[in-house]
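Notes for the one structure printed next.
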Amino acid sequence: MNQDKKIIFSGIQPSGNLTLGNYLGAIINWLPLQDEYNCIYSIVDLHALTVRQVPAELRKRTRSLLALYIACGLDPEKCILFVQSHNSAHAELAWILNCFTYMGELNRMTQFKEKAQRHSDNINAGLFTYPVLMAADILLYQTDLVPVGDDQRQHLEITRDIAQRFNNIYGDVFKIPEAYISKVGARIMSLQQPEKKMSKSDENPNAYINLLDPPDVIIRKFKRAVTDSEAVIRYDVDKKPGISNLMNIYSSITGKSFEDIEKEFEGKGYGDFKLAVAEVVAETLKPIQDKHKELMANKDYLDEIMKEGAQRAERLSYKTLRKVYRKVGLVPKVF
Ligand code: TYM
């Protein structure tokens, strides 16, 4: 690791197949950071356990997500790619930080409220303290910047609050991290209910684009996307959430401004526009899907990346963990 470079940490849960929202809200922004920063990207499997998982599927999705990280362009030579549960420091620091986090602040987390509603038969303590584990992920590496989508803003705030509280008591133990949220792509909405975010756990598969969806499925899903009856391609999130979402997707991929897109599709119908969006998405995903397939056939290579990533992550995080243990008064191991 280059000591002069700032540290970036982010992660994605292997709780479902990745969606276009994860790609445009997170991964696409991670790519250009690889050269400028020390980047650490995790597959946060412990977080996924807050809702019931089928064990064999979770294992498969964890590997598949690692392959997708690489297929999307993350280079294991340039950044640390690892599985969260392979570094026990995450769970250890999370416990300590749990003792510095208030029930009241966790109660205010909108994602907890939403998930508790969706999984009302399993409102477990892990779901409640989920943001503390996320704080541990970030703080372990003395992270400067956390590139995430807009929905993680509140979790970043609580991470900063916990770190500041700890530092106020024990001195400068943690770096206070900043969120890094891009303007376009930060909030990709459901194709079926554009006032709701696109989510891999949506019951309706037409609501999201899975990164591994074949081109014909992508085209079908975009054709079915909910729009409005005005028949004008114009960016207006309040009045035209469906079209605005499609414009956001198109803009994130092509780099075109909303103004340019409005001009490009002036006088054209929604059918043409939906097809154009579907085609750029399918074209962008095709090489990623091919590379993913190739990587999934190479188990040894993925194992090696996982092993190396975990070892590097462990080495880095133990410095922080040891300091925390000492500060709070735990007896250091002498064996
Ligand atoms: P997760 O797994 O739900 O999502 C991973 C990343 O994708 C972004 N994202 C979106 N961006 C735009 N539009 C959408 N519809 C959309 N859906 C998801 C998320 O903002 C996120 O950046 N708690 C985190 C995982 C996590 C983490 C961390 C992130 C655990 N520890 C430490 C950063 C740092 C989560 O559930 O993300």
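Screening residue 39 with (1) within 15 Å of the ligand (Cβ to nearest atom); (2) among the hydrophobic types (A, V, I, L, M, F, W, C); (3) under 22 Å from residue 133 (Cα atoms); (4) assigned to a helix (DSSP H, G or I) gives one miss only, at (4).
Filtered by the rule that a residue be within 7 Å of the ligand (Cβ to nearest atom) and in contact with a Pro (Cβ under 9 Å, 6 or more places away or on another chain), segment 1-20 gives 9, 10. Could you list, in sequence order, all residues of segment 171-212 that are within 11 Å of the ligand (Cβ to nearest atom) and part of a helix (DSSP H, G or I)? Result: 207, single match.
For residue 23, the conditions (1) in a helix (DSSP H, G or I); (2) more than 7 Å from the ligand (Cβ to nearest atom); (3) surrounded by fewer than 24 Cβ atoms within 10 Å (Cβ to Cβ) are fulfilled apart from (3). Determine whether segment 236-247 contains at least one residue that is of a type in the set (Ser, Thr, Tyr), more than 27 Å from residue 8 (Cα to Cα) and at pLDDT 95 or above. Scanning segment 236-247 turns up at least one residue that is of a type in the set (Ser, Thr, Tyr), more than 27 Å from residue 8 (Cα to Cα) and at pLDDT 95 or above. Regarding segment 213-229, can at least one residue be identified that is within 13 Å of the ligand (Cβ to nearest atom), under 25 Å from residue 31 (Cα atoms), modelled with pLDDT of 95 or more and in a loop (DSSP other than H, G, I, E, B)? No, segment 213-229 contains no residue that is within 13 Å of the ligand (Cβ to nearest atom), under 25 Å from residue 31 (Cα atoms), modelled with pLDDT of 95 or more and in a loop (DSSP other than H, G, I, E, B).
Assess whether residue 34 counts as being more than 11 Å from the ligand (Cβ to nearest atom) and in a helix (DSSP H, G or I). Yes; evaluated as a whole, the condition is true for this residue. If the condition is being surrounded by fewer than 17 Cβ atoms within 10 Å (Cβ to Cβ) and under 18 Å from the mean Cα position of the chain (by Cα), then segment 95-141 contributes 110, 111, 114. Residue 87 satisfies every condition listed in (1) away from the ligand (no atom under 12 Å from the Cβ); (2) over 20 Å from residue 155 (Cβ atoms); (3) crowded, with 21+ Cβ neighbours inside 10 Å except (2).
Here is a yes/no grid of residues against (1) part of a helix (DSSP H, G or I); (2) outside the structural domain of residue 37 (by TED's automatic domain parsing); (3) touching a residue at least 60 places away in the same chain (Cβ under 8 Å):
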| position | (1), (2), (3) |
| --- | --- |
| 66 | yes, no, yes |
| 76 | no, no, yes |
| 82 | no, no, yes |
| 93 | yes, no, yes |
| 115 | yes, no, yes |
| 120 | no, no, no |
| 138 | yes, no, yes |
| 161 | yes, no, no |
| 167 | yes, no, no |
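The values are calculated or read from the model by the stated rules, or taken from the named source; none is laboratory data. None of these values were measured; they are calculated from a predicted model. Because the Cβ atoms are built from the backbone with ideal geometry, glycine has one as well, and the counts that use them run over all protein chains shown.
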